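The block underneath contains the structure these notes are about, expressed in structure tokens.
The numbers here are math on the coordinates, done by the rules we state, and not lab data. Every value quoted in this text rests on a predicted model; they were computed, and no experiment measured them. Don't worry about glycine lacking a Cβ; one is built from the backbone with ideal geometry, like all the others, and counts go over all protein chains shown.
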Amino acid sequence: MSNSLITTGQGTGLATILAGGGLAAVGKPFVQKIYLTSFEVAGVMYVDNISELLREMKAGDSVRLVREPDNQYDKFAIRIENMAGNKMGYIPRSLNHIPARLMDAGKMIIGQVQEKTSFRTFRVEMYLED
């Protein structure tokens, strides 16, 4: 009788995972997307082609949250980019302290477009992926 958790050679049992390659070999088990908050994106008026970028965006699109610890105006700054890498704005200063510290600690913070609120602004939902 064979125990499926103890394997020799190639396999996906616990012993194989622990012995060679760890959890990265099979992906992250039990990953949860935990809702943190939603907000209207700040700083869009400083993005030259924001109207163009927003035309291509729709609710449900993923956005990247990029930490900017060396930002001269805000040491907790988190830039928002579309998936093509175009700057779209920032998390408002009043909301960025906790997600910035989580990101600095290695946590994955992700964003998703909630809605376009006008032709020049939009809302993002922020999640902790853990």
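Odds and ends about this structure:
- The range 31-129: C-alpha gyration tensor shape, a/c 1.5 cut-off, then a/b vs b/c: oblate
- Listed by chain and number, the aspartates and glutamates placed with their C-alpha closer than 17 angstrom to that of Lys75 are Asp104; residues fewer than eight positions away on the same chain are left out.
- In order through the range 47-60: 3J(HN,Hα) via Karplus (6.51 cos²θ - 1.76 cosθ + 1.60), integer Hz, x for Gly, Pro: 9, 4, 10, 4, 4, 4, 5, 5, 4, 7, 8, 9, 4, x
- Those lysines that a straight Cα-Cα span of less than 17 Å connects to Lys116, excepting residues fewer than 8 apart in one chain: Lys58, Lys87
- Residue exposure proxy: Phe30, Phe76, ordered by other Cβ atoms within 10 angstrom of their Cβ from fewest to most, comes out as Phe30, Phe76.
- For the range 87-119, trypsin sites (Lys or Arg not before Pro) meeting the loop criterion (DSSP other than H, G, I, E, B) and having at most 16 other Cβ atoms within 10 Å: Lys107.
- Residues whose amide H lies under 5 Å from that of Leu36, counting only those 5 or more places away or on a different chain, are Met126, Tyr127, Leu128; hydrogens are built 1.01 Å from N in the peptide plane.
- Hits among aspartates and glutamates - C-alpha to C-alpha of Lys33 under 12 Å, sequence gap 8 or more where chains match: Glu125, Glu129, Asp130
- Shape of the range 42-85, Cα gyration tensor, a/c cut at 1.5: oblate
- Close amide H contacts of Asp61 (hydrogens built in the peptide plane, cut-off under 5 Å, sequence separation of 5 or more or a different chain): Val113.
- Residues listed by number, the range 38-71, amide nitrogen under 16 Å from Thr121 label point at 7 Å toward C-beta: 38-47, 50-51, 54
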